[in-house]
């Protein structure tokens with residue numbers, strides 16, 4: 001009898017393991033969105049100090065509405081924060097918060113990057129922070145990230161002009177971004193990257209809000225000459241979610257910090273203050289930047305194929321897109337631009353595998 005029970009338990013265990021390994025497959029709508037992203041060649045990099053500093057509404061907007069490659073560079077991994085879900089602190093908490101950030105990006109569509117900076121706790125001034133971090137080492141990491149990602153647009157979460165009025169880590173993240181914006185294109189400045197090709201982003205913004213002005217009244221009165229207003233309250237019909245709802249789900253992954261919010265639908269506005277680079281005359285973040293396949297030498301035919309693939313997409317039978325995707329993939333292998341060649345090759349392979 002004991003032998004029979006043991007065999008039954010083993011069978012149930014193996015049966016459970018087998019079914020637990022079934023991977024999540026993307027929906028027809030998600031595959032369509034991935035094809036749309038193939039047709040956008042532009043990148044946004046958002047920079048702040050800690051896990052949970054990022055504006056998930058803006059990250060989701062650029063990733064899902066604009067269809068840009070969108071990344072968040074968190075200068076630290078949040079080792080110095082609190083922990084509301086366990087006893088882990090310091091480096092172990094940093095591991096938890098790293099995973100929370102990765103989970104957040106899997107929801108809002110962004111990518112995640114870090115520097116080697118340690119979150120040593122609250123700092124009253126950026127001078128203290130940059131000294132503790134070893135400024136030159138962390139600056140090198142930021143420049144390396146810019147050169148690797150090649151962002152057209154960089155957005156700071158915090159204001160670089162207010163040292164001593166807020167968390168030193170926050171101000172430092174913005175100050176490092178300001179300096180790295182110029183150093184990234186300096187051929188005499190070297191980073192740890194093996195392929196250390198220089199890169200010049202087109203423009204740099206500060207993602208401001210009424211909070212930075214002290215009150216909504218002060219924000220309304222402020223000079224908006226150098227400011228862009230972005231309407232980000234998009235509803236994504238293929239997902240059945242609004243931008244605010246996606247951002248909320250992403251934000252709620254920061255469980256160790258007790259973060260979370262209820263998703264919203266309707267109009268939402270984000271403000272970007274222009275700081276450096278080429279001012280966007282049309283008030284479009286990507287103004288003057290060619291985000292089509294024509295930005296790449298030899299990309300015209302690829303763009304035509306992928307535009308047709310998007311226009312002819314069959315939601316009931318996504319597999320009909322595969323021949324066009326394979327044709328585009330073969331042409332991409334002939335590109336001289338290794339950056340876009342690698343990125344778009346990986347994207348197409350993921351879509352075909354879906």
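Each reported figure results from applying straightforward, stated rules to the coordinates on display, with no laboratory input. These figures come from a predicted structure and were not determined experimentally. Note that each Cβ is placed from the backbone with ideal geometry, even for glycine, and that neighbours are counted across all protein chains shown.
Miscellaneous remarks
- Distance between the modelled labels on residue 281 and residue 82, one decimal in nanometres: 5.1 nm (7 Å Cα→Cβ projection).
- In region 88-205, Rg over Rh equals 0.97, where Rg is the alpha-carbon radius of gyration and Rh the Kirkwood radius from pairwise Cα distances.
- Normalised convex hull volume, region 217-354, alpha-carbon set, Å³ per residue: 201 Å³
- FRET efficiency, 1/(1 + (r/R0)^6) with R0 30 Å, evaluated for residue 193 and residue 95 via beta carbons: 0.75
- Computed [θ] at 222 nm, helices only, for the chain once each DSSP H run of length n ≥ 4 contributes -39500 (n - 2.57): -13000 deg cm²/dmol
- Share of pairwise Cα separations in region 136-180, more than 17 Å, in percent: 33 percent
- The chain: relative contact order as a whole-number percent, Cα under 8 Å and 6+ apart: 19 percent
- Cα centroid separation, region 246-305 to region 40-62 (Å): 7 Å
- Pairwise centroid distance, computed over Cα atoms, of region 125-186 with region 218-233, Å: 24 Å
- Mean Cα-pair separation over length for region 300-353, i.e. relative contact order, pairs under 8 Å, 6 or more apart, %: 31 percent
- Along each principal axis, taking the top coordinate minus the bottom one, the Cα set of region 300-353 gives 35, 22, 13 Å in descending order.
- Using the Cβ-Cβ distance between residue 179 and residue 330 with R0 = 45 Å, the FRET efficiency computed as 1/(1 + (r/R0)^6) comes to roughly 0.60.
- Stokes-Einstein D (µm²/s) once Rh is taken as the Kirkwood radius of the chain over alpha-carbon pairs, at 20 °C in 1.002 mPa s: 97 µm²/s
- Region 42-289 - share of DSSP beta bridges that are antiparallel (%, nearest 5): 40 percent
- Which of 332, 31, 322, 281 has the fewest Cβ neighbours within 10 Å, and the rest in rising order: 281, 322, 31, 332
- Estimated distance in nm for a label pair at residue 166 and residue 227, the labels positioned 7 Å out from Cα along Cα-to-Cβ: 1.4 nm
- Maximal additional length on extending the residue 291-residue 136 stretch stands at 52.5 nm, based on 0.36 nm per residue less the C-alpha distance.
- Rel. contact order, % - alpha carbon contacts under 8 angstrom, at least six apart, region 23-163: 29 percent
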